[in-house]
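Chemist: Sharing a structure here in structure tokens format.
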Amino acid sequence: MRKFISVLFLLISGLNVHAHLVAFQGAVGVMTWNQSFLTDDWITYSFRPDAAFVARIMRFDTPTGRVQFFAPQFDYLLKRWNESNYQANIYTYGAYGALYFENKTHGAGIAGVEADAESRKYFISAKYEKMWASLGPDFYHIEGRLGMAPYEAEFNEIASWLMLQYQYNPSLMKQYSITPLVRLFYKSVLLETGVSTDGDWMLNFMFHF
């Protein structure tokens, strides 16, 4: 009952806990980020309020070929601020698993840090991650977002956001990408879709239960 009340309080306050890497304790999450040059799928289990185990599958296209990565991952919430009119978070994560490239499989590790801050009206986030592998090209990813809600949604309404996303992926087929997108959020379901300035599609989906 205490967990339910805590989650309900966060939802009513309009803060999007369901888009975060670590949700409420006991939550299971399904997250998938999809673009023409990069896909990233996570199944998460938040075994503590500040930590989660993840099964991760990632695919990215480079000028020398397609790379696939399969790994268990650990997510950790370094700091969370729950204020009356906003929430902010800093996460870190790391994984080690198998990288498949040019019909060969080798070990590879990835680590990242992510931060976000959100009110019912504004949103900002930043992410950096890097992969270490003995096979294939180096990979690191930088991403930033700015967003604004056209209206302040109540708990029983669909919340919508208009966002602008910037990505820098120097080792991928698409090194730079600027994508205007729409985020729709209702209770435990989040959907994002957009098209970059170069015409590349994007479709993201997240769900917690």
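Values quoted throughout were computed directly from the atomic coordinates according to the rules given, and no laboratory measurement underlies them. From a predicted model like this one, the values you see are computed outputs, not experimental measurements. Note that we place each Cβ from the backbone using ideal geometry, even for glycine, and neighbour counts take in every protein chain shown.
Chemist: What does the charge dipole of the chain about its Cα centre add up to, to the nearest 20 debye, if the Cβ of each Lys and Arg holds +1 and the Cβ of each Asp and Glu holds -1?
Modeler: So the magnitude is around 400 debye.
Chemist: Enter the angle in degrees (range 0 to 90, nearest 10) between the Cα long axis of helix 2-12 and the first principal axis of the Cα atoms of the chain, meaning the one along which they spread out most.
Modeler: Orientation of helix 2-12: about 90 degrees from the principal axis.
Chemist: What is the set of long-range amide H partners of A27 at a cut-off below 5 Å, with H atoms built 1.01 Å from backbone N?
Modeler: Those lying under 5 Å, H to H, from A27 are S46.
Chemist: Restricting to DSSP H runs of at least four residues, report the calculated mean residue ellipticity at 222 nm for the chain, -39500 (n - 2.57) per run over all residues, nearest 500 deg cm²/dmol.
Modeler: The per-residue figure over the chain is -1500 deg cm²/dmol.
Chemist: May I pose another question? Please arrange L162, L181 by how many other C-beta atoms lie within 10 Å of their C-beta, fewest to most.
Modeler: L162, L181
Chemist: Here's another thing I want to ask about it. Order of R183, R120 from fewest to most other C-beta atoms within 10 Å?
Modeler: Ranked by crowding around the Cβ, least crowded first: R120, R183.
Chemist: Cα to Cα, under 27 Å, and not fewer than 8 places away if on the same chain: which lysines meet these conditions relative to K104?
Modeler: Candidates past the 8-residue exclusion: K130, K174.
Chemist: If each residue's Cβ is checked for other Cβ atoms within 10 Å, how do M202, M173 rank with the fewest at the top?
Modeler: Result, fewest neighbours first: M173, M202.
Chemist: Please work out whether region 80-209 counts as rounded, prolate or oblate from its C-alpha gyration tensor, where a ≥ b ≥ c are the square roots of the eigenvalues and a/c under 1.5 means rounded, while otherwise a/b larger than b/c means prolate and anything else oblate?
Modeler: Prolate, since a/c reaches 1.5 and a/b exceeds b/c.
Chemist: Need the list of lysines near K121 for cross-linking: C-alpha distance under 25 angstrom, and skip anything on the same chain fewer than eight residues off.
Modeler: Leaving aside lysines fewer than 8 places away in the same chain, those within reach of K121 are K79, K187.
Chemist: Any chance you could run the full-extension gain for D200 through M173? It's 0.36 nm times the residue separation minus the Cα-Cα distance, nm to one decimal.
Modeler: 8.5 nm
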